[in-house]
Amino acid sequence: MTSTALPTTDDLRARALTCLRNIGARAPEGDDLPARTPVTGEPLFGLRAATRADADEAVTAARAAFLTWRTTPAPRRGDLVRRLGELLRDHKGDLADLVTVEAGKIRSEALGEIQEMIDICDFAVGLSRQLYGRTIASERPGHRLAETWHPLGVVGVISAFNFPAAVWSWNTAVALVCGDTVVWKPSELTPLTSLACHHLLARAADETGAPRDVHRLLLGDRAVGERLVDDPRVALVSATGSTRMGREVGQRVAARLGRSLLELGGNNAAIVTPSADLDLAVPSIVFAAAGTAGQRCTTLRRLIVHRDTADTLAERLTEVYGRLPVGDPFDDTTLVGPLISTTALDAMHHALGRVRADGGEVLAGGARRLAASAPAAAYTEPALVRAGEQSGVVREETFAPILYLLTYDTLDEAIALHNDVPQGLSSSIFTRDQREAELFLSAAGSDCGIANVNIGTSGAEIGGAFGGEKDTGGGRESGSDAWKAYMRAATSTVNYSGELTLAQGVSFL
Ligand code: UN1
């Protein structure tokens, strides 16, 4: 552990209350949903959990709000999101503190998460004046063919603990300017951050004259989420989490012919070629693999290194892994905060056990760091592992800081190895050879939704579309034209010729 002692649970409770008070959110009350902190692994407060009836009522309210929101001009809807962005700027420090208390992120990454929210608000405000449709050349004389994008309805957002605020904002800022209303079921592990976000949005709604019910929050367990998944009034379910969860959500929403947008597991890899600049690659790899204690969906989990470079790179990484400061995420010198729970730690140790059983070797890290003052907290050294050639564990996503090192001889082999996993979120290549980079980015290269060159797999900007293929679920959120998932297109043919001409040359009457 870093030299400073961990804060006490009482300190963390007081800190969370101060943040909520600064934001103006009401203090938590109730006893059926505990708010916890991974910093000490202990409970902070009891909260009141939503019931299934609350979920039904929230959808009814959001649906009613949709009927006025959908005809509010999009640039006026942008006013709400602009105000939200301003409030996020004003309360950046408080929100980041809540993220650190509840998700255990180090301060710099927690601030980065709030910045990501501010960025998407800016993006969405611009988007509110750019919801363009196309006109299409009609095959018939005196006809005009056009598409118009309309709001979709109520969007159910189900989000995960590891980005408790930013992933909500990607969905919500975009959905709101698109004219949708939102019901949010956050992770049970991060209720305080959700309360704060919801409160700021409600305040922005009051100040800009938007209906309060454009956004509803449901703090609750799986049963509450299932209500959103199965409710035919929820036009789109946008869910972030494990592949197992997403497979169930996707199937249930599809059974009622609803739409889903899934952002699920990743098993992200980077290829390091012989021409790579290792001074650039090493810090990029360590941030992507050990940052956020390995708990990003974009975390780097596999490093595919050319055989001639493998030993040098392993040595350099081992040296950095040996001095990564693990400990209190509020301490500015810490780079690796806690895992979310001891269950996550158990999963990590189980995976490392399988690596050893399959003939692999742990090159650095992997040991638990026990804090005497907080025995329930799950601190660990990130692990650097040389994986066995055929080890099945490498193909699975373990949501913890384990980086598997694999070697290759030809780039074709590296790309095949890269794509030989069920997931397809993020990827990168470190090379100074343009041919190698272009091949990796081509249709014969990475099969992921995100493919980078000379940068790690995590830490994407909001301007691009975010999401991945295969078991990652196929959804795209955030920037580019991801907004189209939150709207429906109507195609219109207008005949201004005074004559009936049928398409495809059909004659009738
Ligand atoms: C996630 O882990 O669910 O690219 C989202 C990144 C962040 C978002 C991660 N911008 O790592």
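The values are calculated or read from the model by the stated rules, or taken from the named source; none is laboratory data. What you see is a predicted model; the values in this text were computed from it and never measured. Glycine also receives a Cβ, built like all others from the backbone with ideal geometry; neighbour counts cover every protein chain displayed. Surface accessibility is based on the protein's heavy atoms, side chains included, excluding ligands, DNA and RNA. Shrake-Rupley method; radii C 1.70, N 1.55, O 1.52, S 1.80 Å.
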* Got a number for residues in segment 203-249 being over 29 Å from Gln423 (Cβ atoms) and surrounded by fewer than 20 Cβ atoms within 10 Å (Cβ to Cβ)? -> 9
* **Filter result (more than 10 Å from Leu425 (Cβ to Cβ) and either away from the ligand (no atom under 11 Å from the Cβ) or in contact with a Cys (Cβ under 7 Å, 6 or more places away or on another chain) (or both)) within segment 442-454** => Ser442, Ala443, Ala444, Gly445, Ser446, Asp447, Ala451, Val453, Asn454
* Only one of (1) in contact with a Ser or Thr (Cβ under 7 Å, 6 or more places away or on another chain); (2) surrounded by fewer than 22 Cβ atoms within 10 Å (Cβ to Cβ) fails for Thr457. Which number is that? -> (2)
* Which pairs have Cβ atoms under 9 Å, sit 6 or more apart or on different chains, and link a residue in segment 294-317 that is over 14 Å from Val385 (Cα atoms) and at pLDDT 95 or above to one that is among the acidic types (Asp, Glu) and assigned to a strand (DSSP E or B)? -> Cys297/Glu263
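Each row is one residue, and each column tells you yes or no for (1) of a type in the set (Lys, Arg); (2) within 23 Å of Trp483 (Cβ to Cβ); (3) not assigned by TED's automatic domain parsing to the domain that holds Leu20.
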{"position": "Val182", "(1), (2), (3)": "no, yes, no"}
{"position": "Leu189", "(1), (2), (3)": "no, no, no"}
{"position": "Leu200", "(1), (2), (3)": "no, yes, no"}
{"position": "Arg203", "(1), (2), (3)": "yes, no, no"}
{"position": "Pro211", "(1), (2), (3)": "no, yes, no"}
{"position": "Ala235", "(1), (2), (3)": "no, yes, no"}
{"position": "Thr240", "(1), (2), (3)": "no, yes, no"}
{"position": "Met245", "(1), (2), (3)": "no, no, no"}
{"position": "Ser260", "(1), (2), (3)": "no, yes, no"}
* To do: Only one of these is open to solvent by 10 Å² or more (accessible area, probe 1.4 Å), among the hydroxyl-bearing types (Ser, Thr, Tyr), in contact with a strand residue (DSSP E or B) (Cβ under 7 Å, 6 or more places away or on another chain) and away from the ligand (no atom under 16 Å from the Cβ): Thr309, Thr343, Thr333. Name it.
  => Thr309
* Kindly indicate whether Glu499 is of a type outside the set (Ser, Thr, Tyr), assigned to a helix (DSSP H, G or I) and more than 27 Å from the chain's Cα centre (by Cα). => no
* Asked: Within segment 126-133, is even one residue open to solvent by less than 20 Å² (accessible area, probe 1.4 Å) and away from the ligand (no atom under 16 Å from the Cβ)?
  -> yes
* To do: For residues that are within 15 Å of the ligand (Cβ to nearest atom), buried (at least 18 other Cβ atoms within 10 Å of the Cβ) and of a type in the set (D, E, K, R), tally how many sit in segment 460-478.
  => 3
* Asked: Can you tell me how many residues in segment 228-266 are within 21 Å of Ala61 (Cα to Cα) and acidic (Asp, Glu)?
  -> 2
